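Chemist: Handing you this structure, nothing more for now.
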Amino acid sequence: MHAVTVVTGAASGIGAACVELLLKQGAHVLAVDMAPIVITHPKLTHMHCDVTTSTAPQQICAAVAQHQARVEGFVHAAGINRLCHPFEVDGDHWDAVMNVNAKATWFLTSAILQHMMLNGSGSVVLLASIAGKMASTIQHPIYNVSKAAVIAMTKTFAHTVATAGIRINCVCPGVIETPMQHQVTMSMVNASQSYADVTQQRTAKVPMGRMGSAAEVAEVILFLLSEQARYVHGQSLNIDGGLISY
């Protein structure tokens, strides 16, 4: 039985960067997404799956079992964003964001952790955001709420599995060059400020003076998955160029 790392949201952004780095390190990867995954590799298995369905946790665990593998790592990078003013949020907006970013995260993580407990080992990294700590903009209010939920569930699960040989942490990226970040920037473009203007304004808030890359986030995630981080548990680690320090 070989070890496999499951990555959701694997088709783009941070999820795709994690898949690439894991494969470079020789890991077996189950890449999960609803969008096509363009990477091909002998140790890569693609899986089309909607993580919000009630059967998604069982489908993913069954796919692992089908390949006579055990889950040694889990990176949950699947997530969405919706932009609007806080007072304009309706029930559909709330449900769309919370179902993907919070509800699916909870049930997928619960299933994976229970799978890991059968073998007494494993590491989980969830994708939160600095938005969950500081509500960095009101333009994606429920995204902020959902990422705060990810931080809270990381702490809750950490207490649950602390003596089971399993670790769970989350990362809180800041302004990172991803398709989602492009969406946020585009939402701020108007007649008086261009895309370049908005980008400059946003990066000016970062002490390091630039956006981060998906690869830079992925490198931290791989550290948290590794034995080098064997005493790191229940943490929410910022990857934000110094934007926040808590």
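Chemist: Taking the alpha-carbon set of the range 1-135, what are its Rg and Dmax in Å?
Modeler: Final numbers for Rg and Dmax: 15.3, 52 Å.
Chemist: Can you say what percent of the DSSP beta bridges in the chain, counting only those with both residues inside, are antiparallel? Round to 5.
Modeler: 5 percent
Chemist: Could you pull out every one of the lysines with an alpha carbon less than 25 Å from that of K133, ignoring same-chain neighbours closer than 8 positions?
Modeler: Excluding near neighbours in sequence, the set is K103, K147, K155, K205.
Chemist: Find the relative contact order for the range 1-70 and round it to a whole percent, using C-alpha pairs within less than 8 Å whose residues are 6+ positions apart. The partial results should precede the final answer.
Modeler: Numbers: 98 pairs, mean separation 22.8, N = 70.
Reported as a whole number, the value is 33 percent.
Chemist: Who wins for biggest fluctuation among A78, A196, A128 in a Gaussian network model of the chain, springs between alpha carbons below 10 Å?
Modeler: With Cα springs under 10 Å in the chain, the top fluctuation among A78, A196, A128 is at A196.
Chemist: What does the helix-only formula give at 222 nm for the chain: each DSSP H stretch with n ≥ 4 adding -39500 (n - 2.57), the total divided by the residues, and the result rounded to the nearest 500 deg cm²/dmol?
Modeler: Result for the chain: -12500 deg cm²/dmol, rounded to the nearest 500.
Chemist: What percent does the relative contact order of the chain come to when contacts are Cα pairs within less than 8 Å and at least six residues apart?
Modeler: Dividing the mean separation by the residue count of the chain yields 20 percent.
Chemist: For K43, give me every one of the lysines with a C-alpha distance below 16 angstrom, ignoring sequence neighbours fewer than eight places off in its own chain.
Modeler: K24
Chemist: For the range 111-227, what proportion of DSSP beta bridges, expressed in % and rounded to the nearest 5, is antiparallel?
Modeler: Bridges in the range 111-227 that DSSP calls antiparallel: roughly 10 percent.
Chemist: For a quick protection proxy, order the peptides 201-213, 84-96, 151-163, 102-114 by their average other-Cβ count within 10 Å, most packed first.
Modeler: 102-114, 151-163, 201-213, 84-96
Chemist: If packing is taken as the average number of other Cβ atoms within 10 Å across a peptide's residues, how do 4-13, 35-44 rank, most packed first?
Modeler: On the way: 4-13: 25.4, 35-44: 12.0.
Averaged packing, sorted descending, gives the order 4-13, 35-44.
Chemist: Calculate log10 I(q)/I(0) of the range 34-101 for q = 0.15 Å⁻¹, where I(q) comes from the Debye formula with a single equal point scatterer on each Cα and nothing for solvent.
Modeler: -0.65
Chemist: Mind grabbing the base-10 log of I(q)/I(0) for the range 72-163 at q = 0.15, 0.17, 0.20 Å⁻¹? Debye formula, identical points on the C-alpha positions, no solvent, two decimal places.
Modeler: Result of the Debye calculation: -0.58, -0.70, -0.89.
Chemist: Once phi is turned into ³J(HN,Hα) by the Karplus curve 6.51 cos²θ - 1.76 cosθ + 1.60 with θ = phi - 60°, what whole-Hz value does each residue of the range 236-245 show in order, with x for glycine and proline?
Modeler: 10, 9, 6, 10, 9, x, x, 4, 10, 9
Chemist: Using the Kirkwood formula over every pair of different C-alpha atoms, what hydrodynamic radius in Å results for the range 173-246?
Modeler: 13.8 Å
Chemist: Under a GNM of the chain (C-alpha, springs under 10 Å), which listed residue has the highest mean-square fluctuation: S146, S194, S236?
Modeler: Between S146, S194, S236, it is S194 that shows the largest mean-square fluctuation.
Chemist: To continue, here is another question. May I ask you to sort M47, M186 by Cβ crowding, counting other Cβ atoms within 10 Å and putting the fewest first?
Modeler: Ascending Cβ contact count within 10 Å gives the list M186, M47.
Chemist: Okay, moving on. Determine ³J(HN,Hα), in whole Hz, for all residues of the range 217-229 in sequence, where each value follows from phi through the Karplus function 6.51 cos²θ - 1.76 cosθ + 1.60 and θ = phi - 60°; x replaces Gly and Pro.
Modeler: 5, 4, 5, 5, 4, 5, 4, 5, 6, 7, 5, 4, 9
Chemist: Past the 19 angstrom mark, what percentage of all C-alpha to C-alpha distances in the range 106-224 do you count?
Modeler: 55 percent
Chemist: Of the listed values [x] 153; [y] 174; [z] 126, grab the one calculated as volume of the Cα convex hull per residue in Å³ from the structure here.
Modeler: [z]
Just so you know, all these numbers are worked out from the coordinates, no wet-lab data involved. The structure displayed is predicted, hence computed values, not measured ones. No Cβ is skipped: glycine too gets one built from the backbone with ideal geometry, and neighbour counts run over all protein chains shown.
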